[in-house]
Amino acid sequence: MKQLLLHVCCAPCLSGTHKALEAEDLDITGFFYNPNIHPEEEHKKRIGALISYSSQKDMKALIIENFNMEIFKKEVVGRPDDRCVNCYKLRLKRTAYCAKKNGFDSFSTTLLLSPYQKHELIKQAGEEMAGEHGVRFYYKDFRPFYKDSIAISKMLGLYRQKYCGCYLSRGASRE
């Protein structure tokens, strides 16, 4: 069985992505690293939802709890045209590094589920980080499972947020 380190932006996106991956012969470990999420209370809520999902689904999870906006600001703020791709790279770089360091066969991200994210930029960032770290980026378009993620997260009572987590996008919330 191949081991996949799956970057998790939030538990609702994980729920749909996990459903899409269930038929694959993969041992999935969730990986939470999101220095973009603001404020700290939001960061904690997302970690709590991931812990809840992981325990309900008996799924392993690695969580980097360190709330550190300075990392995000250094890489993203002041670059309005590139902020999303730099944010993707920041998170996927750490995911690829951890995947390689811990012997995973590949890595991916739940960001590929959201119709609100910039899919092609995520794919490019994942492939770039795979090349830098020598570990395979597992690409799959999970967007067809987005509606499933809403239903699953509601059924499991998971916290659902209305923005990606970045304080720059907080005003642009959606339902």
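Simple point charges give the picture: +1 on the Cβ of Lys and Arg, -1 on the Cβ of Asp and Glu, and for the chain a dipole about the Cα centre of about 320 debye. Within a Cβ distance under 15 Å of Asp25, other residues only, what is the Lys/Arg minus Asp/Glu net charge? Net charge around Asp25: -1. Annotation for region 76-132 versus region 28-63: alpha-carbon center distance of 17 Å. Which of Phe72, Phe137, Phe31 ends up with the largest GNM mean-square fluctuation for the chain, with Cα atoms connected below 10 Å? Answer for the Gaussian network model of the chain: Phe72.
Express in % the proportion of alpha carbon pairs of region 9-89 at distances exceeding 14 Å. Taking all Cα-Cα pairs of region 9-89, the fraction more than 14 Å apart is 66 percent. Per residue of the chain, the DSSP helices (runs of n ≥ 4 H) give a summed -39500 (n - 2.57) that works out to -15000 deg cm²/dmol at 222 nm. Cα extents for the chain along the principal axes, largest to smallest and rounded to whole angstrom: 43, 38, 29.
The order of Ile152, Ile28, Ile51, going from fewest to most other C-beta atoms within 10 Å of their C-beta, is Ile51, Ile152, Ile28.
FYI, it's all coordinate maths here, none of it is from the lab. All figures in this text were calculated on a predicted structure; none of them were measured in a lab. Glycine gets a Cβ as well: all are built from the backbone with ideal geometry, and neighbour counts include every protein chain shown.
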